[in-house]
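The values are calculated or read from the model by the stated rules, or taken from the named source; none is laboratory data. Note that this is a predicted model, so its numbers are computed, not measured. Cβ sites come from the backbone with ideal geometry, for glycine too, and all protein chains shown count toward neighbours. Remember, those area values only see protein heavy atoms, side chains included, never the ligands or the DNA or RNA. Shrake-Rupley method; radii C 1.70, N 1.55, O 1.52, S 1.80 Å.
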Amino acid sequence: MKQRISALFLCVFYILTLFMMTACSDDRGSGAGYLFSYTLVRNPKSLDPQLAEDVSSKTVIGNLFAGLYRLDKTGNVTPDVASDCTVSSDGRIYTITLRQNSYWRARNDDEDAEPIAVTAHDFVFAFRRMFNPEIRSPYGAQFSCLEHAEEILSGTASYETLGVRAVSDYEIEFTLAYPNANFLSLLATTAAMPCSSAFFDSTKGRYGLDEDSVCSNGAFYLTKWFYDAYGKDNVIYLKRSSENSKHETVYPSNLVFYIAKDEAEAAANFSAEKTDCLVTTNASYSADSAYSVTAAPSQTLGLIFSPDSVYGQNAALRKALSLGLKRSDYQSELTEDVQSACAPVPPAVSLLGKGYRELVAENSFKTEDEAAAKEAYQQALESLGTSSVDSAQILVPAGLTDYTVLHTITRRWSLLFGISVGIEEVTAAEYASRLESGNYTIALYALSADQCSVPAVLNEFLQTPELALSDSSSAELAALLDETRSLENLNDSIELYRKAEQIILADHSFLPLFYKNVYLVTRPQNEDIRLEPFSGQVYFQNAKFFEE
C-alpha cells in the first residue's frame, strides 16, 4: 500500500512540476511552450523501434526518435537525419549523408555534458539488430531487399554480412540485392530508426522496456513511464530535447501520454478536456463546432466471408453477390463519413506525390453486372445441389459507421437472388473475438495498413487470415508484388498495382463497399498536431497552442 501511495504522489508531483515549468516557459504568442496531452489505448509493449508493432508503442517512438527519413503531412518522404542521398546508376547502392546535429538524449543524462551525436554507426547497429536472430525483430522480411538479407533470414549467412555499412561517421551505404523504388519509404518507418550500441549494451536486456532503458534522438526524450496494470494513474512523460530543437523547432515543452484500457476511456478523457486531441473513427465530432476535425479516408470497408460458411467455400456465390452490387442505389444515402468504393486501396494512400486513386481510377474496374450476377448465382445453386441459399447475417462492429446503407445492399440481393441477409451489430470486443474464431458468415471488415503505401495495403491480402484469397489468386498477387519491389522507377509500378487490385476483385473474397474516414479531433486553439492515419501515430513536434 505504501508503495502504491508513493507512486501516486510521485506522479502528481511530477505533473504539477511540468505545468509550473510550462506556465513560465517560452513565447506563448508563437504557440510554443505548451504541455500537450494525449491518450494511448493500452500500455506500449516496447519502445524499441526494431521490435515495436502496436500503435501505442509506435506513437511514443515517433515522438522520441528521428530516422533517416520521415513522412510529411501529405504522405511524401522527406529527409530527417539524412541531409543528402545519391543512388547508383543500377539503383542498388544508396549512399546517404547524415546531418551532424542529431543528438542522443536519455533520462539520466547530465544536462551540462557534451551531447553525443547520432552517427552512421548507430544506424548500422540498428539494422544489424533487426536481422540478429537473437533479437527476433518482426521487420527483417520488410527489408529483404538488402543484400544478403534473404540468406540471413534463412539462416545461411550472418547478420553482420547485411548490405549496410558506415563509410564514415556521417555517411552510410546501403547495398540492395535488387533495385527497390520504395526503399526510401521503408527508411521512413520506425523499424529503420537508429540505436546507440553503447546505450543498448548498458541496459543489459532491458532496452525499450522502462524509463531508464530508452535513449532517443528525436524531438523529445522520455522522463517517466509509470504503469500499473491494476491502477488508474498510468502515464508517460516526455520532455523537449533542447539540443535537437536547435535544428528544427520543437514547439511543445512537454508531452503527457495517459494510458487507457480502451477507446471509450480515451474518448472520455478528451471529452473531459484532459487531453488535447483524439484519434477516432466516430464521425459525430465533425458536426460539433467546438472541435477542429481532420478526416483521412484511410480505410476500405468491405465484406469478407467465413471460410467455414457456404459463402466462403463457393466462389460462384461470392461472385454473384459482388457483381450484383449496384452502388448508384445507395450513393445518395451515404454520409460524409464514407464514400462509395469499388477497389481495395483507399484514397488516402499516396504514390508519386499524388493520391493513388487519381493514378488508378476506379472506373478501370468492371465491378457490377446484373446479368453476370444472376448467371453466377445459378452456377452456385447447381454446384450446391439446391434451389436456394440459407439466410445469413452481416457481422458489424458497433459505432464504426452508419449501417443504414447496408440494408439497401441486402434488399437488392433479396430482389436479385431471393437471399435473406440481415445485419448483426455487436460490441467491438465481441466482433474481434468472433472474427478471430471464425464465428460469423459474412462480416464488414475495415481494410487498412500500417504504412501509407500501396504495397502495404495489398500485402494485407497475403498476411491477414481474414483476407485470404484462393491459392491461385494469392500466388498471382505475390508474384506481382515481388515484381514491383524490384522496379527502379515507381512510375512503372502503377499498372502492376492496378493488375494486383484486379486479382483481388476477381477473387470476390473481399467486396469493397465504402472508403471510411479516420479522424483527428482537436480544439480550435491547437494547431499542427499531425496524424499518420495508417500507422495511427500522432506527432507533436510542431504542435502549437494559442490562447483564445
If we scan segment 218-235, do we find a residue that is part of a loop (DSSP other than H, G, I, E, B), in contact with a Leu (Cβ under 6 Å, 6 or more places away or on another chain) and under 30 Å from Cys145 (Cβ atoms)? yes
Please go through segment 76-89 and give me each residue that is open to solvent by 60 Å² or more (accessible area, probe 1.4 Å) and touching a Ser or Thr at 6+ places or on another chain (Cβ under 7 Å), ordered by number. Ser83, Asp84, Thr86
Tyr519 - would you say it is modelled with pLDDT of 95 or more, aromatic (Phe, Trp, Tyr) and within 30 Å of Gly29 (Cα to Cα)? yes
Condition check: of a type outside the set (Gly, Ala, Ser), closer than 29 Å to Val349 by Cβ and open to solvent by 40 Å² or more (accessible area, probe 1.4 Å). Does Arg92 satisfy that? yes
Select from segment 149-178 the residues that are of a type outside the set (A, V, I, L, M) and open to solvent by 70 Å² or more (accessible area, probe 1.4 Å) and list them in ascending order. Glu150, Glu151, Ser154, Thr156, Glu160, Arg165, Asp169
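What do you reckon, is Glu243 among the charged types (D, E, K, R), in contact with a strand residue (DSSP E or B) (Cβ under 7 Å, 6 or more places away or on another chain) and open to solvent by 20 Å² or more (accessible area, probe 1.4 Å)? Show your work before the answer.
Numbers: among the charged types (D, E, K, R): yes; in contact with a strand residue (DSSP E or B) (Cβ under 7 Å, 6 or more places away or on another chain): yes; open to solvent by 20 Å² or more (accessible area, probe 1.4 Å): yes.
Taking the combined requirement at face value, the residue satisfies it.
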Output for Cβ contacts, cut-off 6 Å, separation at least six or different chains, first residue charged (D, E, K, R) in segment 85-107, second open to solvent by 30 Å² or more (accessible area, probe 1.4 Å) and in a strand (DSSP E or B), reads Arg99/Ser83
When you scan segment 420-444, how many residues do you find that are open to solvent by less than 70 Å² (accessible area, probe 1.4 Å), of a type in the set (Val, Ile, Thr) and without any contact (Cβ under 8 Å) to a residue 60 or more places away in the chain? 3
So which residues in segment 383-416 are more than 17 Å from Leu511 (Cβ to Cβ) and part of a helix (DSSP H, G or I), if there are any at all? Ser383, Leu384, Thr404, Leu415
I need the full set of residues from segment 286-315 which are open to solvent by 20 Å² or more (accessible area, probe 1.4 Å) and assigned to a helix (DSSP H, G or I), in order please. Ser286, Ala287, Val310, Gly312, Gln313, Ala315
Please state which one of Leu68, Leu51 is open to solvent by less than 10 Å² (accessible area, probe 1.4 Å) and touching a residue at least 12 places away in the same chain (Cβ under 8 Å). Leu68
Taking Leu325 and the conditions (1) open to solvent by 40 Å² or more (accessible area, probe 1.4 Å); (2) more than 21 Å from Asn282 (Cβ to Cβ), which numbered condition does it fall short on, given that it satisfies the others? (1)
Given the structure, is Leu146 out of contact with any helix residue (DSSP H, G or I) (no Cβ under 9 Å at 6 or more places or on another chain) and among the hydrophobic types (A, V, I, L, M, F, W, C)? no
Checking Ala283 against (1) farther than 30 Å from Leu351 by Cα; (2) surrounded by fewer than 23 Cβ atoms within 10 Å (Cβ to Cβ); (3) touching a residue at least 24 places away in the same chain (Cβ under 8 Å); (4) among the small types (Gly, Ala, Ser), the condition it does not meet: (1)
Do we find that Ser414 is open to solvent by 70 Å² or more (accessible area, probe 1.4 Å), more than 28 Å from Thr280 (Cα to Cα), modelled with pLDDT of 95 or more and not charged (D, E, K, R) in this structure? no
Every residue from segment 63-82 that is under 21 Å from Gly140 (Cβ atoms) and touching a strand residue (DSSP E or B) at 6+ places or on another chain (Cβ under 7 Å): Phe65, Leu68, Tyr69
Those residues of segment 250-275 which are in a loop (DSSP other than H, G, I, E, B), under 23 Å from Gly231 (Cβ atoms) and not hydrophobic (A, V, I, L, M, F, W, C), in sequence order: Lys261, Asp262, Glu273, Lys274, Thr275
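Mind listing whichever residues of segment 184-217 are touching a Leu at 6+ places or on another chain (Cβ under 7 Å) and not in a loop (DSSP other than H, G, I, E, B)?
Step one: of segment 184-217, the residues touching a Leu at 6+ places or on another chain (Cβ under 7 Å) are 187-188, 192, 208, 211, 214, 216.
Ala192, Glu211, Ser216 - these are the residues of segment 184-217 that are touching a Leu at 6+ places or on another chain (Cβ under 7 Å) and not in a loop (DSSP other than H, G, I, E, B).
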In segment 341-358, anything farther than 12 Å from Thr74 by Cβ and of a type outside the set (A, V, I, L, M) is listed as Cys342, Pro344, Pro346, Pro347, Tyr356, Arg357, Glu358
Please verify whether segment 519-526 includes one or more residues that are buried (at least 19 other Cβ atoms within 10 Å of the Cβ), in contact with a Phe, Trp or Tyr (Cβ under 7 Å, 6 or more places away or on another chain) and either of a type in the set (Phe, Trp, Tyr) or closer than 30 Å to Ser88 by Cβ (or both). yes
Residues located in segment 36-48, provided they are charged (D, E, K, R) and crowded, with 22+ Cβ neighbours inside 10 Å: Asp48
Against the definition (more than 21 Å from Asp471 (Cα to Cα) and at pLDDT below 95), how does Gly324 come out, yes or no? no
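If you check Lys73 against the conditions, is it open to solvent by 10 Å² or more (accessible area, probe 1.4 Å) and either modelled with pLDDT of 95 or more or among the hydroxyl-bearing types (Ser, Thr, Tyr) (or both)?
In short, no.
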Which members of segment 250-267 meet the condition of being surrounded by 14 or more Cβ atoms within 10 Å (Cβ to Cβ) and either more than 23 Å from the chain's Cα centre (by Cα) or among the basic types (Lys, Arg) (or both)? Val250, Tyr251, Pro252, Ser253, Asn254
Can you list the strands (runs of 3 or more DSSP E) found entirely within segment 61-104 that contain at least 1 residues being among the aliphatic types (A, V, I, L, M) and under 22 Å from the mean Cα position of the chain (by Cα)? 69-71, 77-79
